[in-house]
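Undergrad: Take a look at the following structure, please.
The values are calculated or read from the model by the stated rules, or taken from the named source; none is laboratory data. As the structure is a computational prediction, the values presented were derived from the model and not from experiment. Here the Cβ is made from the backbone with ideal geometry for all residues, glycine too, and neighbour counts use every protein chain on show.
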Amino acid sequence: MEDNKEKVELYSKRVKAGKRTYFFDVKSTRGNDYYLTITESKKRYREDGYSYEKHKIFLYKEDFDKFIEALKETVEHVKKDLMPDFDFSQYDGENSFDDSDNDNFKWD
């Protein structure tokens, strides 16, 4: 029997962002422990057709709060200190989430 660490997918959210798509997946191990995978997928054209380049991050439950806090601080730094004149409201996410049956992802 094949040993697969990613046993059960409990929740999934897909975010389309231009040429990229991000997947947020909550999974369970055999021991009923939970973790999040964040996958970036980019469609690439090659001579023999299209392929997808994927990058994945595994985020474990004990790191959720630290990760969220660091991400929030980093985004705020970019918005307030590096790009204070840029209008980020044009990217409010209205068309980014394509799972209409799920609530929009919220950090708080």
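Undergrad: Restricted to the stretch 45-61, and to residues that are surrounded by 10 or more Cβ atoms within 10 Å (Cβ to Cβ) and of a type in the set (D, E, K, R), which residue is nearest to the chain's Cα centre (by Cα)?
TA: So, considering only residues that are surrounded by 10 or more Cβ atoms within 10 Å (Cβ to Cβ) and of a type in the set (D, E, K, R), the one nearest to the chain's Cα centre (by Cα) is Lys56.
Undergrad: Against the condition under 16 Å from the mean Cα position of the chain (by Cα), among the basic types (Lys, Arg), in a helix (DSSP H, G or I) and modelled with pLDDT of 85 or more, how does Lys80 come out, does it pass?
TA: no
Undergrad: Then there is this: Could you go through the stretch 38-56 and let me know if any residue there is farther than 20 Å from Lys19 by Cβ and either touching a helix residue (DSSP H, G or I) at 6+ places or on another chain (Cβ under 9 Å) or among the aliphatic types (A, V, I, L, M) (or both).
TA: So far as the stretch 38-56 goes, no, none of its residues is farther than 20 Å from Lys19 by Cβ and either touching a helix residue (DSSP H, G or I) at 6+ places or on another chain (Cβ under 9 Å) or among the aliphatic types (A, V, I, L, M) (or both).
Undergrad: Let me ask you something else. Considering every residue within the stretch 67-74, establish whether at least one is more than 13 Å from the chain's Cα centre (by Cα), of a type in the set (D, E, K, R), modelled with pLDDT of 95 or more and surrounded by 11 or more Cβ atoms within 10 Å (Cβ to Cβ). Write out each step before concluding.
TA: So in the stretch 67-74, the residues more than 13 Å from the chain's Cα centre (by Cα) come out as 69-70, 72-74.
Narrowing further to those that are of a type in the set (D, E, K, R): 69, 72-73.
Then drop every residue that is not modelled with pLDDT of 95 or more, which leaves 69, 72-73.
Filter once more, so that each one left must be surrounded by 11 or more Cβ atoms within 10 Å (Cβ to Cβ): 69, 72.
Yes - at least one qualifying residue is present in the stretch 67-74.
Undergrad: Additional query: Do we find a residue being without any contact (Cβ under 8 Å) to a residue 12 or more places away in the chain, assigned to a loop (DSSP other than H, G, I, E, B) and of a type outside the set (Ser, Thr, Tyr) anywhere in the stretch 50-72?
TA: Looking through the stretch 50-72, none of the residues is without any contact (Cβ under 8 Å) to a residue 12 or more places away in the chain, assigned to a loop (DSSP other than H, G, I, E, B) and of a type outside the set (Ser, Thr, Tyr).
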